[in-house]
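*Asks:* Take a look at this one; I'll ask things after.
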2 protein chains.
Amino acid sequence: MSPSIKDVAAFAGVSVGTVSNVLNHPDRVSPDTVDKVRGAIKSLGFVRNDVARHLRAGDSRTIAMLVMDAANPFFTDLAKGAEDQAATLGLSVVMGNTAESSERENNYLDLFEEQRVRGVLISPSGDVEERLLQLKKFGIPSVLVDRASTSGKLSSVSVDDEAGGRIAVNHLIESGRSRIGFVGGALDVPQVRDRLSGAREALDSHPGVSLDVYETSATTVLEGRRVGEQIVALDTSARPDAIFAANDLVAIGLLQAFMASPQIRVPDDIALIGYDDIDFAPSAIVPLTSIRQPSRLMGQTALDILNAEALDGSAQPQEVVFQPELIVRSST
Amino acid sequence: MSPSIKDVAAFAGVSVGTVSNVLNHPDRVSPDTVDKVRGAIKSLGFVRNDVARHLRAGDSRTIAMLVMDAANPFFTDLAKGAEDQAATLGLSVVMGNTAESSERENNYLDLFEEQRVRGVLISPSGDVEERLLQLKKFGIPSVLVDRASTSGKLSSVSVDDEAGGRIAVNHLIESGRSRIGFVGGALDVPQVRDRLSGAREALDSHPGVSLDVYETSATTVLEGRRVGEQIVALDTSARPDAIFAANDLVAIGLLQAFMASPQIRVPDDIALIGYDDIDFAPSAIVPLTSIRQPSRLMGQTALDILNAEALDGSAQPQEVVFQPELIVRSST
DNA sequence: TGACGTCATTGAAACGATTCAATGAGTAAG
DNA sequence: CTTACTCATTGAATCGTTTCAATGACGTCA
């Protein structure tokens, strides 16, 4: 099929070793031989077979990234950060979408292990730390993204979600609200859980403020809208005067439900704060106050750590925790 | 690092050939040997090195998918369709995001060629047909997605964008509109060009209807919003009474601009139709009329064709063209 | 002229799997 | 008891690279 290094060697009238040297150490080869070989490569359309190369060299230049929801802009931003950084290091990023399925997650990990990728960036869906530790033992490092390691044995790049929850609810309280609603779920998703517990902490120092939890099955626009319609239907006395949504997609869903109802104005009747500060937030119908996570930077950082571990297998695991930032817009 | 088939063989007290047989043709091996080997595999945590396997076997089970905008829901839907189909065939899909950059597109194609993937699904950014034809010669087939082949030598799965444009504008005209605006760009992107020329065709049979083109630099929410604000600022007499947006992202941007202005109501003052029917369209603030493309199905179909070509290198290129479908909602 | 060093090039081993002809043990048939 | 045959297992060749010790050509210097 494709021409091999052997074909190139024959065409150029040199040995395979020389061709390989032209490819990898051109300084060791005389200039005219280099020209001859380069010419042969061009005329045959030769492309180095990375499979064989890697087999011998043992190093791969591919980074695998596994995300739980490829449709969430937060993750595409993360990926963009990682891709940019990879490009400057001469690496490539391939993505897999686990769609929050443990089974798919495992399949992809199998694939990447079989392919002996250089490393794995992962925002885990299921419980995979054990598996990742084993991968590491076999020379494939990984970095958790948007989630800290529970064992502490893996590197991670995350955001202090409890702080984010605190900041969000403090902001609502400081702007005079006292009946807070939290919308998000499932509640056993670590990110959601932490944001909620941060929200609860904020309440501790503010007696007289209440918090109601409205659970969703996922953090999507549709789920947000569904809960929003429930809230619209509530009696005025039972209705929260401020809502903290577990992410911007949910917040946008809520917003849509509220806009469809003439008796609820945002932020007058209900203030609304989201999470992630996706690109869409500032251009929502009511520009959305949100908690910004430095998604691009997180992607970059994660890739750097991963690369460092790939180069030095014995490096200590690092845990980088970014601080979230409040971005105030019209919705509060 | 990782244990190899040799380690397994030593551990189990058999030859490497036998281990390989257990892996690939267990029927040729006696049951107790199978057990012994499987035990060894388990205790050592052996995972087959796909790199070496592929080197010898020459076949890969990885499909590469290259999209021009990983943040556009239409493409994530396409990918989902392909992934689902791949899963049923026991294949894996890895994704690369070209971000509309020819350079990145080329880098990814290099990577995938070096990795000798089984095939490539691509929604091309630049002009890559030549390159893809060469890949095919070397045994790596590809299928164009959301764009027909200009040379006719490559398989493709696309949608009749001219028909889509016609349908959209006919719908606007039939609902009594006569000053149509087209918003989208860049105008040299094939999809945009075709939708616009379909729109123009619809005008031919309806004298008295006008079409103004508002070009954007990309089909994004922000660009839609920008143009929307321009339109809001127009004199009532110069303002279109219906707009056909090149995709739903642009339509949503327009919608946001219009909602922010009290003197423009959708659809009363301006009717609005988008394209793609992304998940977000029905839950937009004014549910959006759109032209549906069967994105999931397209992804599936593309993957099937690709797989067929991977199995039979001499198969004729197929061009599948889906028909778009009008989905009427409140915005028109 | 002969010994030596430099430099470009070569050829073979190695990576980890698969494949296949050859081997060997065991069984059935004559 | 030999022959033929089956079935499980083995060992070597192979895929396309990289690496490295060995080779060889050439020029320098004594």
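*Asks:* Just the residues that are buried (at least 18 other Cβ atoms within 10 Å of the Cβ) and either within 43 Å of the chain's Cα centre (by Cα) or at positive phi (or both), please, taken from the range B:4-17.
*Replies:* B:I5, B:V8
*Asks:* Sticking with this structure for a sec: Name the residue, out of B:D32, B:D27, that is more than 9 Å from DNA strand C (Cβ to nearest atom) and closer than 30 Å to B:N307 by Cα.
*Replies:* B:D27
*Asks:* Testing A:G17 on (1) more than 8 Å from chain B (Cβ to nearest Cβ); (2) out of contact with any strand residue (DSSP E or B) (no Cβ under 6 Å at 6 or more places or on another chain); (3) in contact (Cβ under 8 Å) with a residue 24 or more places away in the chain; (4) not aliphatic (A, V, I, L, M), one condition comes back false. Which one is that?
*Replies:* Result: A:G17 fails condition (3) only.
*Asks:* Would you mind finding the one in B:R61, B:R48, B:R53 that is under 17 Å from A:D110 (Cβ atoms), surrounded by 14 or more Cβ atoms within 10 Å (Cβ to Cβ) and within 11 Å of DNA strand D (Cβ to nearest atom)?
*Replies:* One residue alone meets the criteria, B:R53.
*Asks:* Does A:L135 count as in a strand (DSSP E or B) and touching a helix residue (DSSP H, G or I) at 6+ places or on another chain (Cβ under 7 Å)?
*Replies:* Against the criterion (in a strand (DSSP E or B) and touching a helix residue (DSSP H, G or I) at 6+ places or on another chain (Cβ under 7 Å)), A:L135 does not qualify.
*Asks:* How many residues does the range A:283-326 contain that are under 25 Å from A:I273 (Cβ atoms) and within 14 Å of chain B (Cβ to nearest Cβ)?
*Replies:* 9
*Asks:* Only residues in the range B:48-65 that are free of Cβ contacts under 8 Å to residues at least 12 places away in the same chain and more than 7 Å from every other protein chain (Cβ to nearest Cβ) count as the first member; pair them with residues that are crowded, with 19+ Cβ neighbours inside 10 Å and part of a helix (DSSP H, G or I), Cβ under 9 angstrom, at least 6 apart or cross-chain, and list the lot.
*Replies:* If the second residue must be crowded, with 19+ Cβ neighbours inside 10 Å and part of a helix (DSSP H, G or I), the pairs left are B:R53/A:E114.
*Asks:* Within the range A:70-106, take every residue that is modelled with pLDDT under 85 and either surrounded by 20 or more Cβ atoms within 10 Å (Cβ to Cβ) or under 17 Å from A:I305 (Cα atoms) (or both) and give me the one that is nearest to the other protein chains (Cβ to nearest Cβ).
*Replies:* It comes out as A:A71.
*Asks:* Within the range B:291-304, is even one residue farther than 30 Å from B:G139 by Cβ and either aliphatic (A, V, I, L, M) or assigned to a helix (DSSP H, G or I) (or both)?
*Replies:* Yes, that holds for at least one residue.
*Asks:* Scan the range B:305-332 residue by residue and report those that are farther than 18 Å from B:V145 by Cβ, in a strand (DSSP E or B) and of a type outside the set (A, V, I, L, M, F, W, C).
*Replies:* Selection gives B:E325 alone.
*Asks:* Hey, can you tell me all the residues within the range B:273-330 that are of a type in the set (S, T, Y) and surrounded by fewer than 24 Cβ atoms within 10 Å (Cβ to Cβ)?
*Replies:* Selection gives B:S283, B:T301, B:S314, B:S330.
*Asks:* Does the range B:226-239 contain any residue that is small (G, A, S), out of contact with any strand residue (DSSP E or B) (no Cβ under 7 Å at 6 or more places or on another chain), assigned to a loop (DSSP other than H, G, I, E, B) and more than 10 Å from chain A (Cβ to nearest Cβ)?
*Replies:* No, the range B:226-239 has no match at all.
*Asks:* Based on what the data block shows, is B:I252 crowded, with 22+ Cβ neighbours inside 10 Å, of a type in the set (A, V, I, L, M) and within 14 Å of chain A (Cβ to nearest Cβ)?
*Replies:* Criteria met by B:I252.
*Asks:* Which of the residues that make up the range B:25-45 are of a type outside the set (D, E), surrounded by fewer than 13 Cβ atoms within 10 Å (Cβ to Cβ) and within 12 Å of DNA strand D (Cβ to nearest atom)?
*Replies:* B:H25, B:R28, B:S30, B:P31
*Asks:* How about the range B:61-114: which of its residues are within 20 Å of A:A82 (Cβ to Cβ) and among the small types (G, A, S)?
*Replies:* Within the range B:61-114, B:A64, B:A70, B:A71, B:A79, B:S92, B:G96, B:A99, B:S101 qualify.
*Asks:* While we're looking at this one, here's another question. Any residue at all in the range A:158-178 that's within 14 Å of chain B (Cβ to nearest Cβ) and over 20 Å from the mean Cα position of the chain (by Cα)?
*Replies:* The answer is no; no qualifying residue exists.
The values are calculated or read from the model by the stated rules, or taken from the named source; none is laboratory data. A quick note: this is a predicted structure, and the numbers were derived from the prediction, not measured. FYI the Cβ positions are ideal-geometry reconstructions off the backbone, even for glycines, and counts take in every protein chain you see.
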